[in-house]
Amino acid sequence: MNKQLKAELIKAPADAYPIVQNMARFYGYDMSRACGFVEDWDWAFPENGLYEGCDVKRYFEDKDRYALLVKVDDELAGFVLIHKNGTDPSTDWNMGEFFIVAKFQGKGIGKQTAHLAWKQFPGLWEISVIPENTPALAFWRKSVSDFTNGQYSEEINSVYPNTHQPNRYILSFKA
């Protein structure tokens, strides 16, 4: 049976912080596939066997940051972390972190989720992508182009204060 999967995007309650933090370990693992050999960035597999993942606590504490959970049929399927800091001062929303668990990757859930976020948070958006993360860049180009009918801009810009990989592709568009 081929069932059409449908993503749901919900605001993460405060007590979901440990859940998102746990998923961030898998996000780090996924990122290591594309970024594992970026110079000056330590994506080495930890000796204890557990990626730490970025600390997502600020997305639960800062009023200008939002943590969102992705669900498919009430099953946890990932997270979306957005904030209001972009390379352009007029940016309303920045895709801080975006993660879909392996089970749902390649099934349209990521694109559905991105579109839901953009509809739920209208305004000027920025998405920054590490140049070595070519799968993510292809995903974002396609998702943004489909959402905007090709009406977006793309440039390479420096993302301050990121010292590891300051130059990023920046996709900007109006949602």
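Regarding region 104-119, can at least one residue be identified that is surrounded by fewer than 17 Cβ atoms within 10 Å (Cβ to Cβ), farther than 25 Å from R25 by Cα and of a type in the set (G, A, S)?
No, every residue in region 104-119 fails to be surrounded by fewer than 17 Cβ atoms within 10 Å (Cβ to Cβ), farther than 25 Å from R25 by Cα and of a type in the set (G, A, S).
May I ask you to say which residue of P135, P89 is farther than 26 Å from A14 by Cβ, surrounded by fewer than 20 Cβ atoms within 10 Å (Cβ to Cβ) and within 14 Å of the chain's Cα centre (by Cα)?
Only one candidate qualifies: P135.
Residues being among the charged types (D, E, K, R) and without any contact (Cβ under 8 Å) to a residue 24 or more places away in the chain: count how many of those fall in region 76-105.
Step one: of region 76-105, the residues among the charged types (D, E, K, R) are 84, 88, 92, 97, 103.
Of the ones still in play, those that are also without any contact (Cβ under 8 Å) to a residue 24 or more places away in the chain are 84.
Result for region 76-105: 1.
Go through region 6-25 and count every residue that is touching a Phe, Trp or Tyr at 6+ places or on another chain (Cβ under 8 Å), surrounded by fewer than 15 Cβ atoms within 10 Å (Cβ to Cβ) and of a type in the set (A, V, I, L, M).
1
Within region 151-174, does at least one residue satisfy the condition of being under 30 Å from E75 (Cα atoms) and among the aromatic types (F, W, Y)?
no
Any idea which of F139, F147, F173 is free of Cβ contacts under 8 Å to residues at least 60 places away in the same chain, assigned to a helix (DSSP H, G or I) and farther than 24 Å from Q21 by Cβ?
Exactly one residue qualifies, and that residue is F147.
Taking only region 118-132 into account, find how many residues are over 13 Å from the mean Cα position of the chain (by Cα) and at pLDDT 95 or above.
6
Here is a check on your reading of the model: is S158 modelled with pLDDT under 95, hydroxyl-bearing (S, T, Y), surrounded by fewer than 16 Cβ atoms within 10 Å (Cβ to Cβ) and over 19 Å from D92 (Cβ atoms)?
Judged against the criteria, S158 is a match.
So which residues in region 92-103 are aliphatic (A, V, I, L, M) and crowded, with 20+ Cβ neighbours inside 10 Å, if there are any at all?
Within region 92-103, M95, I100 meet the criteria.
I need the full set of residues from region 122-136 which are over 13 Å from E97 (Cα atoms) and touching a Leu at 6+ places or on another chain (Cβ under 9 Å), in order please.
W125, P131
Between a first residue in region 55-75 that is under 19 Å from H115 (Cβ atoms) and in contact (Cβ under 8 Å) with a residue 24 or more places away in the chain and a second residue that is among the acidic types (D, E) and in a strand (DSSP E or B), which pairs have beta carbons less than 8 Å apart while being 6 or more apart in sequence or on different chains?
Cβ pairs passing all conditions: V70/E8; K71/E8; V72/E8.
The values are calculated or read from the model by the stated rules, or taken from the named source; none is laboratory data. None of the values given here were measured: they were computed from a predicted structure. Backbone-built Cβ (ideal geometry, glycine too); neighbour counts: all protein chains shown.
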